[in-house]
Amino acid sequence: MRVYIAGTSVAAPKESKVLQQLFKGCHKLHSYYHSREKGGLERRWWRMNVKNKVHLFLDSGAFSAWTQGVAINLDDYIQFCLEHLDIVDVIVNLDVIPGRPYQKLTSADIEESATQGWANYEKMLDAGIPKDKLIHIFHQGEDMKWLKRMVKEIPYIGISPANDKSTDQKMRWLDHCMQYVCDSDGMPLVKFHGFAVTSLRMMLRYPWYSVDSTTWVVMSRNGQILVPRRRGGDWVYDEDSWKISVSSRSPDKKEAGQHIDTLSPRQRQVVLDYLEEKGYALGQSEFKMMPQTYKPTGNERWAERKKPTDKTAPRLLEVIVEPGVINQYRLRDELNIIYFQDLEKTLPVWPWPYKPKGVQGFSL
């Protein structure tokens, strides 16, 4: 199974040479909607990953555009795809999202979007995008007739659970989908990609050819790292891994067992062993109260994003004594990328049969 790393570090490419090297060894998903912005951060990472010949998966970014009330021009998207055919492994059709955010949908809305999405797929094929590279997406809520048609006509399809459903609701729907994408022995009839499949339960339950996830960067922004369990001296990736808050500014410091500072000595040592093995330091910060008029230096920053409402009140300053995952988001980015690269190596080699019973896992 291929795990495409979705999302982009907030670090500029030139600021993170290590992340550049890590991306070289991974499968990376980029959004056309964000990559088309010439001065944007994702555009700069897109160009860097193209230069470094990373395995690239190009998504249209239709959902992101839809949430912001922006329409993607299909002809412009097609032109962008054609210009990058030689360096992109997978291209996602410009699917059509029904309705508007927070608007109640009707079955007619969903059917109309599915119909237009199929028309877009055919137009992209007619424009010269190879069939073996072009993915069309089946969304939770659409009529199963569209999935049946996709299995008959498309060699590599996408399956997208709804964002507003629980993991159990998504899995019940995916169980139903398997009736159409697998044969009587549970073997996949086509390659299928799981969009935003961030649950290991779902990764291991279904015979995906590929999946994508933004978990690495979302957790890093929240001050967290992923740490696998350890058993018999080995790191284990098919069991419940830890989401450990490490940021020196995290509110989780108040919750027992949620932050590196509130773990038991034994648990803390496991995390420290993992960091050492991967070549990362925990880091160290000191804090002191300073006047709001103080200007932080290179190794200092305000520990609170908002200034106190009282302009005469002092403000908490963080002094970075030793850089590490507690005070450097770029290092958390790198460590979480490494986790997913290691996870990918332990996942089953496609294809394997769909056998829903007895699967254990966890939500990333």
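No value in this document is a laboratory result; all are computed from the given coordinates. Please read these numbers as outputs of a predicted model, since none were measured by experiment. Neighbour counts run over all protein chains shown; Cβ positions are idealised from the backbone, glycine included.
Per-residue extension of 0.36 nm, minus the Cα-Cα distance of Val321 and Lys123, leaves a gain of 65.6 nm for this segment. Taking Cα atoms only, the orientation of helix 329-346 departs from the longest principal axis of the chain by about 50 degrees. Computed on the chain, the Cα convex hull volume stands at 166 Å³ per residue. Inter-part distance, region 141-202 to region 297-336, computed on C-alpha centroids, equals 43 Å.
Per the Debye formula on identical point scatterers at the alpha carbon atoms of region 220-302, with no solvent, log10 I(q)/I(0) at q = 0.25 Å⁻¹ is -1.33. Quick check: the angle from helix 167-181's long axis to the longest principal axis of the chain, C-alpha only, nearest 10 degrees? Between the helix axis and the principal axis of the chain, the angle is about 30 degrees. Placing unit charges on the Cβ atoms only, positive for Lys and Arg and negative for Asp and Glu, gives the chain a dipole magnitude near 920 debye about its Cα centre. When only Cα pairs below 8 angstrom with a gap of at least 6 residues are kept, the chain shows a relative contact order of 17 percent.
Among the listed pairs Lys14/Lys53; Lys28/Lys355; Lys38/Lys131; Lys133/Lys165, give every one whose C-alpha distance is greater than 20 Å. Result: Lys28/Lys355; Lys38/Lys131; Lys133/Lys165 exceed 20 Å.
A Gaussian network model of the chain, with springs between Cα atoms under 10 Å, assigns the largest mean-square fluctuation among Gln21, Gln269, Gln68 to Gln68. Once the Cα atoms are used to define both axes, helix 265-278 deviates from the longest principal axis of the chain by about 70 degrees. If R0 equals 22 Å, the separation of the Cβ atoms of Gln179 and Thr115 corresponds to a calculated FRET efficiency of about 0.45.
Sorted from greatest to least, the principal axis extents spanned by the alpha carbons of region 131-178 come out as 33, 18, 15 Å. When the chain is described by a simple charge dipole with +1 on each Lys and Arg Cβ and -1 on each Asp and Glu Cβ, the residue from Ala162, Gly324, Tyr180 located farthest towards its positive end is Gly324.
Would region 265-364 count as rounded, prolate or oblate if I go by the C-alpha gyration tensor, calling it rounded below 1.5 in a/c and otherwise prolate when a/b exceeds b/c, oblate otherwise? Here region 265-364 falls in the prolate category.
In debye, nearest 20, what is the charge dipole magnitude of region 295-352 about its Cα centre with +1 on Lys and Arg Cβ and -1 on Asp and Glu Cβ, if you could check? Numbers along the way, then the final one.
Working: 10 positive and 9 negative charges, 92 e Å.
Value, rounded to 20: 440 debye.
Modelled this way, with points 7 Å down the Cα-to-C-beta line, the labels at Tyr294 and Asp261 are 1.7 nm from one another.
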